[in-house]
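Remarks on the structure that follows.
Read-outs: derived from the displayed coordinates by stated rules, not from any lab. Note that the structure is a prediction, hence the values are computed from the model and not measured. Methodologically, a virtual Cβ is constructed for each residue, glycine included, from the backbone with ideal geometry; neighbour enumeration extends over all protein chains shown.
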Amino acid sequence: MLIKTISVGQLETNCYVVTDETSLDCAVIDPGDESNTILDYLEQNRLRCRAVLLTHGHFDHVGAVEALAEETGARVYLNREDDAETRRDLHFPLHLPENGEYYADGDRVEIGSLRFEVIGTPGHTPGGVTLRCQDALFTGDTLFRGSCGRTDLPGGDTEELLRSLKRICSLEGDFEVYPGHMDCSTLARERLFNYYCRLAANS
Ligand SMILES: [Zn+2]
């Protein structure tokens, strides 16, 4: 598994390209903006984008979804709770494309030899998910290095976010944490030093 981080857009969203190096199939997580930059990377490395996986529906995570899906034919996955049809709010602009699929807690998406497990982690948004693949967790705006996502936007819920953090931190073993913004971390580090994780663990 090869993970490439591409920082996109004004809010510097982390878009991740996760590749099965054997088949060169890949998934793109949260293409928030700059579709050309992402497509260039795919082309230069001869990758076949099989899926666009979204951690949530906020505009800064979905801005390049349509362009990417159109260019590559990849299937788009989103939780129904964050779809524009459900939320009807400017923060959630994405209507799932026709060949898209809603996914939810417990679902799996297979890309080449990679298996992504969907963990429902609402709170930052109602349809927020964390994606687990091997020893990597893509936490979107639920868990950041030393911090967590805001809950003051429409659909946000602090109690729910804390429950989601508790669930993530309760996963067995250690993981690399790839958040939706800012630097990567490890789950062990966040369990120890992240105030919100500690708060969540004790709640
Ligand atoms: Zn967000």
Self-check item: Boolean, Leu153 is in contact (Cβ under 8 Å) with a residue 24 or more places away in the chain, more than 11 Å from the ligand (Cβ to nearest atom) and either over 14 Å from the mean Cα position of the chain (by Cα) or not in a loop (DSSP other than H, G, I, E, B) (or both)
Solution: no
Quiz prompt | Failed item in (1) under 15 Å from the mean Cα position of the chain (by Cα); (2) among the charged types (D, E, K, R); (3) more than 16 Å from the ligand (Cβ to nearest atom), with Glu110 passing the rest | solution = (1)
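For a quick check of your reading: which helices (runs of 4 or more DSSP H) sit entirely within the stretch 1-80 and have at least 3 residues that are away from the ligand (no atom under 13 Å from the Cβ), touching a helix residue (DSSP H, G or I) at 6+ places or on another chain (Cβ under 9 Å) and of a type in the set (A, V, I, L, M, F, W, C)? Steps first, answer last, please.
Details: elements: 35-44, 59-62, 65-72.
In the stretch 1-80, 35-44, 65-72 are the helices (runs of 4 or more DSSP H) which contain 3 or more residues that are away from the ligand (no atom under 13 Å from the Cβ), touching a helix residue (DSSP H, G or I) at 6+ places or on another chain (Cβ under 9 Å) and of a type in the set (A, V, I, L, M, F, W, C).
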Quiz item: Condition test on Asp135, is it within 15 Å of the ligand (Cβ to nearest atom), in contact (Cβ under 8 Å) with a residue 24 or more places away in the chain and either on the phi < 0 side of the Ramachandran plot or in contact with a strand residue (DSSP E or B) (Cβ under 7 Å, 6 or more places away or on another chain) (or both)?
Solution: no
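Sort out which residues of the stretch 49-58 are under 18 Å from Glu21 (Cα atoms) and in contact with a Gly (Cβ under 9 Å, 6 or more places away or on another chain), and write them in order of number. Walk me through it before giving the result.
Taking the stretch 49-58 first, the residues under 18 Å from Glu21 (Cα atoms) are 49-52.
Answer for the stretch 49-58, where residues must be under 18 Å from Glu21 (Cα atoms) and in contact with a Gly (Cβ under 9 Å, 6 or more places away or on another chain): Cys49, Arg50, Val52.
Here is a list: Arg132, Arg115. Which entry is more than 13 Å from the chain's Cα centre (by Cα) and surrounded by fewer than 20 Cβ atoms within 10 Å (Cβ to Cβ)?
Numbers: Arg132 fails: more than 13 Å from the chain's Cα centre (by Cα).
After ruling out the rest, the residue left standing is Arg115.
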